[in-house]
Amino acid sequence: MPASASLDRFVDRATLLLDRLESLLPATREPDWGSAIAFRWRRRQTALGVQAQLQPVRQVAAIRLDDLQNIDDQKEAIVRNTRQFVEGLPANNVLLTGSRGTGKSSLIKACLNEWAPQGLRLIEVDKDDLVDLPDIVELVSSRPERFIVFCDDLSFEEGEPGYKALKVALDGSVAAQSENVLIYATSNRRHLMPEYMAENLEARHQPDGEIHPGERVEEKISLSERFGLWVSFYPFRQDEYLAIVAHWLASFGCGPDEIAEARADALRFALERGSRSGRVAWQFARDWAGRHGHSVRAGGAATPLK
């Protein structure tokens, strides 16, 4: 038998053996549930196929609900929904949308820190891995904890596979959604997808004057409307921005006189950045406190708004 034929036969047998081994191995591995309160879903390609697992997050951001300033209405809505979920009462999947740096992601992390002692857990999933949502839900469905599946800074382009996977997971599968899982997503786009002027030309005008959106607009809306709770965030006014700066400076140990002294620098810092967001306020406070010899606050490093 020619050497090339022997090599081809060996490769075929090795491939067959790997395929059989892959069928015997679990696609996902359970983590040590007691090792963390937050996990990240990670996928990797191996010689035996795609392996996925929940990786524990050892250091969770130490943000607290009291740290979130000037978003009282948004905070109330998310806190109420999360409390209902933790207590086993009906609760909704949540879409948080709006201006960058206003506290969308931080609010979710603060809720995790608030209710972790009562069994709340968080699983962070990248947009590209949303196709694995059924596997994630199946993995945790029998657990006693309550899980928030967290998708940060979510947006889709046309035809991305994660779009349909999320749509089905929210509302559309023949299987009922697990009662111990909710999906919380943040986005700068209200409908999670880009919107174009040309799509408005598809709108249909009815004889009575009513306007019906075109099919592409309807498709985009059909995903966001599957979230039972929408929470919108807005840019901060100057006084709100300065209040957030004062909060973070105080967290670094700055006194009232120092906070007043920092006011002009804080406004200049925001002007240079072109934004008065909570994230910019945190960044200024960290810079100013560091330059003036203040250390991080007791109990852990200060955490930015996102």
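Just so it is clear, none of the values below were taken in a lab; they were calculated from the coordinates. Computed from a prediction, not measured in an experiment: that's the story for all the values here. Virtual Cβ from ideal backbone geometry, glycine too; neighbours counted across all protein chains shown.
Here the spin labels are modelled as points 7 Å beyond Cα on the Cα-Cβ line, and at Gln118 and Asn92 they lie 2.0 nm apart. Here Ser35, Ser141, Ser187, Ser99 are placed in order of increasing Cβ neighbour count within 10 Å, fewest first, which gives Ser35, Ser141, Ser99, Ser187. Modelled label positions at Ser232 and Arg83, each set 7 Å beyond Cα in the direction of Cβ, lie 2.5 nm from each other. Treating r as the C-beta distance of Asp257 and Ser178 and R0 as 51 Å, the FRET efficiency rounds to 0.45.
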